[in-house]
1. Against the condition under 18 Å from B:T233 (Cβ atoms), outside any loop (DSSP other than H, G, I, E, B), touching a residue at least 60 places away in the same chain (Cβ under 8 Å) and of a type in the set (S, T, Y), how does A:S138 come out, does it pass?
2. Filtering the stretch B:9-24 down to residues that are within 14 Å of A:G114 (Cα to Cα) and facing another protein chain (nearest Cβ under 8 Å), which residue is surrounded by the most Cβ atoms within 10 Å (Cβ to Cβ)?
3. Is it the case, given these coordinates, that A:F284 is touching a Phe, Trp or Tyr at 6+ places or on another chain (Cβ under 7 Å) and more than 7 Å from chain B (Cβ to nearest Cβ)?
4. Return the residues of the stretch A:26-36 that are surrounded by fewer than 19 Cβ atoms within 10 Å (Cβ to Cβ) and either of a type in the set (F, W, Y) or more than 8 Å from chain B (Cβ to nearest Cβ) (or both); say none if nothing qualifies.
5. Report, by residue number, each residue of the stretch A:145-160 that is at the interface with chain B (Cβ under 7 Å from one of its Cβ atoms) and assigned to a loop (DSSP other than H, G, I, E, B).
6. Given the criterion outside any helix (DSSP H, G or I) and hydrophobic (A, V, I, L, M, F, W, C), identify the matching residue among B:L99, B:L120, B:L75, B:L80.
7. Any idea which of (1) away from every other protein chain (no Cβ under 11 Å); (2) modelled with pLDDT of 90 or more is the one B:G89 doesn't satisfy?
8. Can you spot a residue in the stretch B:91-110 that is closer than 30 Å to A:V153 by Cα and touching a residue at least 60 places away in the same chain (Cβ under 8 Å)?
Amino acid sequence: MGSSSPAPVPGGRGPPNPFRHRLHLSRETWVPLAFILPSLAYIGYFAFYPSVDVVWLSFQTPHPAAFGYNYATLVQLGVWNAIENTVVVTVGALTIQLVAGMAIATILTKEFRGKGVFSSIAILPIGFATVVAAFAFSLIFPAVGGYANSALVGFGLPPVDWIHPSAQALVTIMLADSWKNTPLVTIILLAGMTTIPRSLYQAAAVDGAGPVRRLFYITLPNLKRFIAITLIIRGISEFNIFALPLVLVGSYPPLLTVLVYNLYSPTYPAIYQASAAASVLLAFVAVFIAIVIVMGGTRR
Amino acid sequence: MKPLRPARITLYVAVALLAVIILYPIYILFLVAFSPAHFTLDALYPPQLPHAFTLQNLTTALQSYNLIDPLFQSLQVAFLVAFIALGLGIPAAYGLSRLPPGLAYGITTVLFVANILPALTIVVPIAAEFISLGLYDTAVGLALLQELVVLPLAVFILLGAFQSIPREIEYQARVDGAGLARTLFGTLVPLAKAGIIAAFLLSWMFSWDEFTFAVILVPIHPTLPVVIYDNITRGNLLATTAFAIVMTIPVILLTVVLQKYLKGEELAGGLKG
């Protein structure tokens, strides 16, 4: 207490206290804040509190057992396999959606007959619920028979079991998910493409750059921000992909979300195990966000 | 008529190919719904083209399954979600539009962080909590959780609507003697109508489609997406096609009828500021 620097006295001439300014709320600030408070309280109770609770529950056990018992059991339940599958589906589906979205958005920047009809068709899947999309794909890609196999057999090729071998199941999930979600990617990328000045392309054409070089030297560099937004929005949804694999292929091969659902029960002590799986899912999203932030930080 | 250049031909081929890929699953859904089963689900390798037309699949499904209760439950939840989004979102967006930009940006970020938390992570502990609160298996309980995904988006859209209203209009109303509540609801809300309708529609449509919260939280009184999933697992595929059609038509109609409110400028929200 005998320090030489004088304590800041309200209204006095102490050294500027950086916190004092923040704590002092004018009427201009607290009235709007009061309007926001209900929403913040709501988000706090229904989003942040459960997220903390789930981690806390994940370390609870019915009987005194080793620390992290629920996580050790998760390994036996195949959590590594589920993580691997989730990563494969995420990377695969994001790649398909970016390439397809890029192609459709590029087409929509051009003028041609039937453009209006095509742009309506291109966003049509947005109107279909995820379960409905999954169901339609399950008619096309079932284990035996179905419309894809009907076409294969028609061309004299052998039929394929689309949902039981792990690899086929993951591809089927990627295809169905990409059908449903490419329109959103298209909309974002198209918005980005309209911001690129046409003069850049004209200059490149004069210099003799072909379509491929124009794509890599003009379009993609200028779309960087929009691609990043797409990756964040779609990447997070991709980790959480749930209804679609459940309807399309059932609980095997397991994805992280499906694993949580299989373990889930709202009763104690079963909830501890489900909480551990749910915490892994949470950690996954946190790591993904961290990667995006770090990469975004170094790019600038 | 000038001959088509190779680039044009490539373009038209790509357009046709993409259109076919996008339309194919929708075509199959309607083909199965409106064809006799022996041409579709009962055939090992069903023909790709329609052979006969029937409404029987739909009528049988609607007669033998209870569709009214799930439909009512879905509607109830969707309207609750949409109204709560406005009830919480309008004051929040108004408040945000009147805060210093830095603080408003911080609060919007906090709202969106809530948006990226996995639904399954949230619903596992909340379901246990809702059992003790009496909210388990209720429309209100489900609406409260679905709101989590909708609210940040609704606030964002509404924020854009309020920011585009000049401050002078608000000052004028206050000078004329209107209180804060009357200024907000009497003067500002009518001016932000387009944004409010856009927020309402998006919230409604999200709830209509939502599956993850619903499958865990309302097992006894399910919404339509959960009923569709239940019927698929039981192998009632013809009934499922009927439900899928019933579920899709309102969204398509809503999108077409209210297209003018779902334009990019309405949804760009706070980005314009």
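The values are calculated or read from the model by the stated rules, or taken from the named source; none is laboratory data. Bear in mind the structure is a predicted one, so any value in this text is a computation, not a measurement. Here Cβ is always computed from backbone atoms with ideal geometry, including for glycine, and neighbour counts include all displayed protein chains.
1. Judged against the criteria, A:S138 is a match.
2. So the residue we want is B:V15.
3. Against the criterion (touching a Phe, Trp or Tyr at 6+ places or on another chain (Cβ under 7 Å) and more than 7 Å from chain B (Cβ to nearest Cβ)), A:F284 qualifies.
4. Within the stretch A:26-36, A:S26, A:R27, A:W30 qualify.
5. Within the stretch A:145-160, just A:G145 meets the criteria.
6. Within the list B:L99, B:L120, B:L75, B:L80, the selection yields B:L99.
7. (1)
8. no
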